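In what follows, a single structure is set out as structure tokens and then discussed.
Every read-out reported here was derived from the displayed coordinates using simple, explicitly stated rules and does not represent laboratory data. It should be emphasised that the depicted structure is a prediction, and the values quoted were computed from it without experimental measurement. We place every Cβ from the backbone using ideal geometry, glycine too, and count neighbours over all the protein chains shown.
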Amino acid sequence: MPSIEGVYNAAQTINKVCKKTPLELNERLSELVHASVLLKREDLQQIRSFKIRGAFNKIASLTNDECEKGIVCASAGNHAQGFALACKQLKIFGVIYMPATTPQQKIAQVAMFGGSFVRIELTGDTYDACQKVAIKIAHENNKILIHSFDDLKVIEGQATIALEMLEQNKGTFDYIIVPIGGGGLISGIITVFKKLSPSTKIIGVEPEGASSMKFALDRGECVALNEMDPFVDGAAVKKVGDLPYAICKDSLDKIITVPEGKICQSILDLYNIEGIVAEPAGALAISALDFLGEEVRGASIGVLLCGGNNDILRMPEIKERALLYANLKHYFLVQFPQRAGSLKQFVSEILGPNDDITYFEFSKKSFRPNTTALVGIEVLKVTDYQRLVDSMKSHNFKFDYLNNKQSLFEFLI
């Protein structure tokens, strides 16, 4: 198990490479939950993620013989960047296996941080598939696998965040909210707080579509999810690590799952209001604040903002998911009479003054009395949906609502 002594040693090891990131009071979030919300800004690390802490601490601990064998890792992005920078700093060559679906922005960052000391191999569609390849190659070629979360030295490296938070906060933390992917980060946070601040409650947060820790804890064994939504790529792991599971099983106070759409709204709020760029996994812990309830009123809450590597090309999808979660975006299959003026009637008589058609696909088929159009409508208020539906019914426009038809809906977004 990781130890507090190991965490102190890790702090010394990573001192020259990692920034001591700020702990900032966020007034908007504090007002939201009527508490004091302090953000630990790991998005301000050199690689814009906390992952450099664990990767560097692990690689720096290797012997010369182990380094000569060669090192490999598997990562969806942030661990790969930490691994790459550590290889360059320590002048050790490494091979990085990344899912073929990794955003190009993260691949480019990994290449930049590692330079000539790393080689990138794209394989598999998910982190788990990619990890299997890395484990197989490491085993067959007698290389050292630098695991992204299921490793003692990696966990102790991530735990240095907790040392900084306790040093930076003038008072005590009542709660610490931590995102969970494979479980390395929260295991490190637990290791420090249960020793140095045992009264602090540790709350873990997972995406609703990739809640692998909750799944394992509910079943009482470290088992893998059957299916997973890969959208929150930095936290989308089918099976958490054995070591993190053992730590969380005994010491995690609470676990919350958050819908992906809510995470997207948190990303947009951070960008539009505070000017903070957060990736989905980076905003995961913040998105859980709405789910804490009255128990945290007046409390001191530390929240991990753990990563800012968000590809700008993902923003349209992020906005779409946020609108859908907020019930402000609706898709319909609408039957239009095959007569002149039917579309004009729909726009002038069905839509409200603030409704906006954001998607429209229609092909005229003159041999039919009616034809179907796919219509996406963004409304201003949640209550506008019922008014829209009532208006279509009263004007005899037949329609089929698509938001609750998962297979058709996934085709759209």
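Assorted remarks:
- All C-alpha pair distances within segment 327-412, sorted into 5 Å bins from zero, spread as 3, 14, 26, 27, 18, 10, 3, 0 percent across the bins.
- Highest average first, the peptides 352-363, 329-340, 133-144 ordered by how many other beta carbon atoms sit within 10 Å of their residues are 329-340, 133-144, 352-363.
- Members of LYS16/LYS88; LYS239/LYS319; LYS194/LYS249 lying beyond 18 Å, as alpha-carbon distances in this model show: LYS239/LYS319
- Dipole magnitude for segment 51-151: computed about the Cα centre from +1 point charges on Lys and Arg Cβ and -1 point charges on Asp and Glu Cβ, it is near 280 debye.
- Annotation for segment 20-99 versus segment 294-324: alpha-carbon center distance of 19 Å.
- Helix 384-394 vs. the chain, principal-axis angle (Cα, 0 to 90°, nearest 10): 30
- Estimated Rh, segment 51-151: Kirkwood, alpha-carbon pairs, angstrom: 12.9
- Charge-dipole axis of the chain as Lys and Arg at +1 and Asp and Glu at -1 on Cβ define it, positive-most pick from ILE267, ILE318, ALA10: ILE318
- Highest average packing first - 255-266, 387-398, 116-127, 271-282, Cβ atoms within 10 Å: 255-266, 271-282, 116-127, 387-398
- Degrees, to the nearest 10: 315-325 long Cα axis against longest axis of the chain: 70
- Across LYS20/LYS153; LYS132/LYS238; LYS58/LYS136; LYS91/LYS195, pairs whose alpha-carbon gap is larger than 24 Å: LYS91/LYS195
- Share, in percent, of DSSP beta bridges within the chain that are antiparallel, nearest 5: 40
- Shape metrics for the chain, restricted to C-alpha atoms - Rg then Dmax, Å: 24.1, 79
- One quarter of the surface of the convex hull around the alpha-carbon atoms of segment 257-344 equals 9.0 nm², the direction-averaged projected area.
- Helix axis angle, 78-90 relative to the chain longest principal axis, alpha carbon, degrees: 30
- Partners for LYS214 among aspartates and glutamates (Cα-Cα distance below 18 Å; same-chain residues under 8 apart left out): ASP128, ASP150, GLU206, GLU227, ASP229, ASP233, ASP242, ASP250, ASP253, GLU260
- Dipole magnitude of the chain, debye to nearest 20 (Cβ charges: Lys/Arg +1, Asp/Glu -1, about Cα centre): 620
- Per residue of the chain, the DSSP helices (runs of n ≥ 4 H) give a summed -39500 (n - 2.57) that works out to -11500 deg cm²/dmol at 222 nm.
- The Rg/Rh ratio for segment 154-242, using Cα coordinates for both the radius of gyration and the Kirkwood hydrodynamic radius, is 1.01.
- Excluding same-chain neighbours fewer than eight residues apart, the lysines reachable from LYS364 by a Cα-Cα span under 30 Å are LYS329, LYS344, LYS393, LYS398, LYS405.
- Alpha carbon centroid spacing (whole Å) that separates segment 108-133 from segment 223-282: 21
- Ranking ALA288, ALA235, LEU39 by Cα position along the charge dipole of the chain, where only Lys, Arg, Asp and Glu carry charges on their C-beta atoms, puts ALA235 farthest toward the positive end.
- Measuring r between the beta carbons of ASN403 and ASN64 and using R0 = 60 Å, the FRET efficiency lands at 0.55.
- Each peptide among 51-61, 17-27 gets the average number of other Cβ atoms lying within 10 Å of its residues, and from highest to lowest they stand as 51-61, 17-27.
- Basic side chains Lys and Arg get +1 at the Cβ, acidic Asp and Glu get -1 at the Cβ, and with that the dipole of segment 327-412 about its Cα centre reaches some 380 debye.
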